[in-house]
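Chemist: Attaching a single structure in structure tokens format; questions to follow.
The values are calculated or read from the model by the stated rules, or taken from the named source; none is laboratory data. Values in this document were obtained by computation on a predicted structure and should not be read as measured data. Reconstructed Cβ throughout: ideal geometry from the backbone, glycine too, with neighbour counts over all protein chains shown.
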Amino acid sequence: MKESMAIHWFRQDLRLADNPALTKAAEYGNVLPIYILDDENAQEYAMGGASRWWLNQSLSALNASLGGKLSIYKGNPLEVIADIMDRFDVKALYWNRCYEPWRIDRDAKIKDYFKIRDMEVQSCNGSLLWEPWDIKKNDHTPYKVFTPFYNKGCLQAEPPRKPLLAPQNVAYLRDELKSMRIDQLNLLGRRDWYKKMSPHWPMGEKGAHDRLEQFLFEGLSHYKEGRNFPAKPYVSRLSPYLHFGEVSPNQLWQTVQSVGQDTQSDHFCKELGWREFSYSQLYYHPELPRKNLQAKFDAFPWSQNESALVAWQRGQTGVPMVDAGMRELWQTGYMHNRVRMIVGSFLVKNLRLHWTHGERWFWDTLVDADLANNSASWQWIAGCGADAAPYFRIFNPVTQGQKFDPKGAYVRNFIPELSKLEDKYLFSPWEAPEHVLENSGVILGVTYPNPIVDLKKSRAHALKAFQSVKQGLI
């Protein structure tokens, strides 16, 4: 293959429309689109099982949209791209930026390597509305609190750019010699959980826009309040598509704003702002996934209880609202955001297990596992992050269920063994009289677990532990 060309390196931008780097590469006429699975540099941040399943499907959809021309590789991108450069007449290399610390370090080395060799190498912003370094306070330091970050930083900055159309009249080329097949990446592993998840998710760029259309039709008009009710269809469920770049934040921002600027669309855009805030935190605090942003929590007396952790992971804690959320996660690769806060609070406060246990489990089981969002959100719920929820804010899973799942539709869906239990006791079956349990076919400790912790006592213990840290007694 002797034609001169540009390489577009797909990463977390698995789409053709509103893809700034692909648009740049398309100016050369001939484009070699590539994807490289890089577990070597990722190490502990290599994608979890649910993300790999999603990636497998998304790459297939992207390859189809490229007419089967996507070249697939596995290994160190520097070595892979250098080999391509040796074999083809490549004039330029383009990619859209990623913001995980390990990717920033890796990409900087790749840029330096090829620029020394007089190769045009350019990265673009295809993943964020605003670059982290563009949203800072007047003293040029990053924001630590979300509200001023969004109101004074984002909304006072240049508006998000208009989305780009998919490039036209491009000749996509393929590396017929060394490209792998997608199935050779072995992304599905040995687990078969994806068989349960598949019906819930249409993949790829088209799937993303179909999901967006559905949200605009049935969810946006009730979004601000309705998003708190896990049995209702008022959340967007766009987060995995956004993470893998099957849709861009600019497309979402523009589309939702064009539907009508009201409190519903404003609130949705504010949630996009929270994603920007999470990326800002990760950019300025590369240790975010592992280290408390508030150092006082380094002395917090976390518990060690493997059996409690396993019960939480499997949705067998005996606390229905928690178990329903964890089972939704295992069955669908997703969890409603309100429920994420409930199960997170239960883990770090009622069980007093370190938030990184939750971060790691979500990393492996969420289809929208995103290093910035996942880490920032766990630090938020644990009370140790930037602009975090106060540690003493402990979600009561019983009252949360009564308030946000009043008819029990969510809990009954994911915990069918409690489906016949009357509403009054659905969220606290341990309080039900024996005859009520018997009539509902529930045998605590047999058909459904007894609670692994007393909610009232564990709350008191958590608050006592926090006070000891706050007062410097530990």
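Chemist: Conditions first: (1) in a helix (DSSP H, G or I); (2) at pLDDT 95 or above. VAL247 passes all but one, so which condition is the exception?
Modeler: With (1) in a helix (DSSP H, G or I); (2) at pLDDT 95 or above applied to VAL247, the lone miss is (1).
Chemist: I'd like to know if segment 257-279 contains one or more residues that are part of a loop (DSSP other than H, G, I, E, B) and within 20 Å of the chain's Cα centre (by Cα).
Modeler: For segment 257-279, residues part of a loop (DSSP other than H, G, I, E, B) and within 20 Å of the chain's Cα centre (by Cα): absent.
Chemist: Being assigned to a helix (DSSP H, G or I), at negative phi, touching a Ser or Thr at 6+ places or on another chain (Cβ under 9 Å) and among the hydroxyl-bearing types (Ser, Thr, Tyr) narrows it down to one residue among SER307, SER377; which is it?
Modeler: So the residue among SER307, SER377 that is assigned to a helix (DSSP H, G or I), at negative phi, touching a Ser or Thr at 6+ places or on another chain (Cβ under 9 Å) and among the hydroxyl-bearing types (Ser, Thr, Tyr) is SER377.
Chemist: In segment 193-211, how many residues are in contact (Cβ under 8 Å) with a residue 12 or more places away in the chain and either charged (D, E, K, R) or within 17 Å of ASP13 (Cα to Cα) (or both)?
Modeler: Adding up the residues that qualify gives 9.
Chemist: Restricting the search to segment 145-185, which residues are within 23 Å of GLN57 (Cβ to Cβ) and modelled with pLDDT under 95?
Modeler: If the condition is that a residue be within 23 Å of GLN57 (Cβ to Cβ) and modelled with pLDDT under 95, then no residue fits.
Chemist: On to the next question. Filter segment 135-146 down to residues that are of a type outside the set (A, V, I, L, M) and in contact (Cβ under 8 Å) with a residue 24 or more places away in the chain and give me whichever is surrounded by the fewest Cβ atoms within 10 Å (Cβ to Cβ).
Modeler: By that ranking, first place goes to LYS144.
Residue-by-condition table, conditions (1) under 26 Å from the mean Cα position of the chain (by Cα); (2) farther than 24 Å from GLU205 by Cα; (3) not assigned by TED's automatic domain parsing to the domain that holds SER375:
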site	(1), (2), (3)
PRO33	yes, no, yes
GLN43	yes, yes, yes
GLY49	yes, no, yes
SER58	yes, no, yes
ASN76	yes, yes, yes
ASP89	no, yes, yes
ARG103	yes, no, yes
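Chemist: Pairs under 6 Å by beta carbon, first residue hydroxyl-bearing (Ser, Thr, Tyr) in segment 405-416, partner at pLDDT 95 or above, six or more apart or different chains?
Modeler: Short answer, once both residue conditions are applied: TYR410/PRO230; TYR410/ALA231; TYR410/ALA324.
Chemist: Can you confirm whether ARG97 is surrounded by 15 or more Cβ atoms within 10 Å (Cβ to Cβ) and touching a Ser or Thr at 6+ places or on another chain (Cβ under 6 Å)?
Modeler: Against the criterion (surrounded by 15 or more Cβ atoms within 10 Å (Cβ to Cβ) and touching a Ser or Thr at 6+ places or on another chain (Cβ under 6 Å)), ARG97 qualifies.
Chemist: Now for a different question. So which residues in segment 285-304 are surrounded by fewer than 18 Cβ atoms within 10 Å (Cβ to Cβ), more than 20 Å from the chain's Cα centre (by Cα) and not in a helix (DSSP H, G or I)?
Modeler: Passing the criteria: GLN294, PRO301, TRP302, SER303, GLN304.
Chemist: Looking at (1) in contact (Cβ under 8 Å) with a residue 40 or more places away in the chain; (2) buried (at least 19 other Cβ atoms within 10 Å of the Cβ); (3) more than 17 Å from PRO249 (Cβ to Cβ); (4) not acidic (Asp, Glu), find the lone condition where ILE110 falls short.
Modeler: Exception for ILE110: condition (1).
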